[in-house]
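FYI, it's all coordinate maths here, none of it is from the lab. These figures come from a predicted structure and were not determined experimentally. Here the Cβ positions follow ideal geometry from the backbone for every residue, glycine too, while neighbour counts run over all protein chains shown.
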Amino acid sequence: MSVTVRVPAKVNVQLAVGAARPDGFHDLANVFLAVGLYDEVTVSPADELRITCEGPDAAQVPLDRTNLAARAALALAGRHGIEPAVHLHIAKDIPVAGGMAGGSADGAGALLACDRLWGTGASQAELLDICAELGSDVPFSLLGGAALGVGRGERLTALEVGGTFHWVFAMAGRGLSTPAVFREFDRLAEGRDIPEPVASAELLRALAKGDADALAAAVSNDLQPAALSLFPELADTLDAGRGAGALATLVSGSGPTTAFLARDTESAEKVAETLRASGTCRSVRTAAGPVAGATVLS
Ligand SMILES: C[C@](O)(CO)[C@H](O)COP(=O)(O)OP(=O)(O)OC[C@H]1O[C@@H](n2ccc(N)nc2=O)[C@H](O)[C@@H]1O
Ligand SMILES: Nc1ncnc2c1ncn2[C@@H]1O[C@H](COP(=O)(O)OP(=O)(O)OP(=O)(O)O)[C@@H](O)[C@H]1O
């Protein structure tokens, strides 16, 4: 018997970052949108905990106990006194170290899959609790849809979205480390007053209405200057997407994936084609959101 769970990637339509906290994390107002690019995690009984991974970026995924999928299985097993003897297989389509919460998706997926396989019967609240222990983005990977994350991004409030938004994502030639991008944010912020992060009312209204033009006017990412400082070539990708008629261009989370909002599927395809021909990125995908969070397929 095996259980397969499908988990979406995310784009941050607003990422407001506060000053560094004593614990090294930053308070955020983090507006997440789940988009239709997915990893699948399959769990089946085995002699001992084992991880395999397939997909274009599989070589960059750790196959030891540092993998978030393994950490999720160990955390659930530990709480319920279960032997974590499972094979976790990750079919990876979300770019690695791309700012789209790929590792977090695998953590949330493995957690839900193990819960079903073992019949743990954990409540949604317990699962979200474990997710928050695994990483700031992991609770949203479980929940999906759209949500505002506060604290370090793990305390979620689901948001109403009045329509579907069409996106183009440009994957970069290399990854960016999330801690390094936050450190660069701190360096760039030195000597400046950092305001408390707050969600933009205009942005929440745009989401609720499903209004792409209003959303385009309201998107923001406080980590973007830091990502561009560490990866200046991203400016060329953003320029190429803007030139192709994207309604809005931004770095996704800590980057280096860049995100382009389009009016509809057709214009998304146009932006994607121009980006592919621009030679400023490794690959290009289109995806719409919001979509459901971690979902059991079998
Ligand atoms: C950039 C985002 O992807 C936006 O959604 C997230 O804030 C990052 O979430 P994540 O990858 O799940 O991050 P975590 O695994 O919790 O933390 C990795 C590292 O990122 C930095 N970090 C993360 C979240 C946060 N609110 N403040 C931080 O400073 C810390 O250096 C931390 O050690
Ligand atoms: N299941 C996993 N898939 C990918 N990377 C993993 C996984 N588990 C652990 N990692 C490690 O985490 C690092 C960050 O990978 P990930 O793909 O989650 O980055 P990200 O998408 O930028 O994250 P986020 O958007 O949440 O900041 C990788 O370089 C890898 O070493």
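Structure notes:
- Against the chain, whose longest principal axis comes from its Cα atoms, helix 178-189 is set at around 40 degrees.
- R65 paired with A20, simple spin-label distance in nm, labels 7 Å along Cα-to-beta-carbon: 3.0
- Label separation (L74 vs L297): 2.7 nm, computed from points 7 Å beyond Cα along the C-beta direction.
- Looking at segment 135-201, the GluC sites (Glu not before Pro) that sit in a DSSP loop and have at most 10 other Cβ atoms within 10 Å of their own Cβ are E190.
- Compared with the alpha-carbon gap, the fully stretched path from A85 to A46 is longer by 13.5 nm at 0.36 nm per residue.
- Between segment 79-140 and segment 144-194, the Cα center-to-center distance that results, in Å: 20
- Rounded to the nearest 500, the 222 nm mean residue ellipticity of the chain from helices alone is -10500 deg cm²/dmol, with -39,500 (n - 2.57) taken per DSSP H run of at least 4 residues.
- Column: log10 I(q)/I(0), Debye, Cα scatterers of segment 96-226, q = 0.11, 0.17 Å⁻¹: -0.51, -1.15
- In terms of overall dimensions, the C-alpha atoms belonging to segment 165-289 reach 45, 35, 20 Å along their principal axes, ordered largest to smallest.
- Note on the chain: semi-axes of the ellipsoid equivalent to its C-alpha gyration tensor, largest first and rounded to whole Å, are 30, 21, 19.
- For the pair segment 201-220 and segment 1-46, the centres of their Cα atoms are 21 angstrom apart.
- In segment 3-159, one over the average inverse separation of all distinct C-alpha pairs is 15.5 Å, which is the Kirkwood hydrodynamic radius.
- On Cα atoms only, tilt of 234-243 relative to the major axis of the chain in degrees: 60
- Relative contact order [Cα under 8 Å, 6+ residues apart], segment 165-289, whole percent: 43
- Degrees between helix 102-118 axis and first principal axis of the chain (Cα, 0 to 90, nearest 10): 30
- Efficiency of FRET between A217 and E160 - r from beta-carbon atoms, R0 25 angstrom, step 0.05: 0.85
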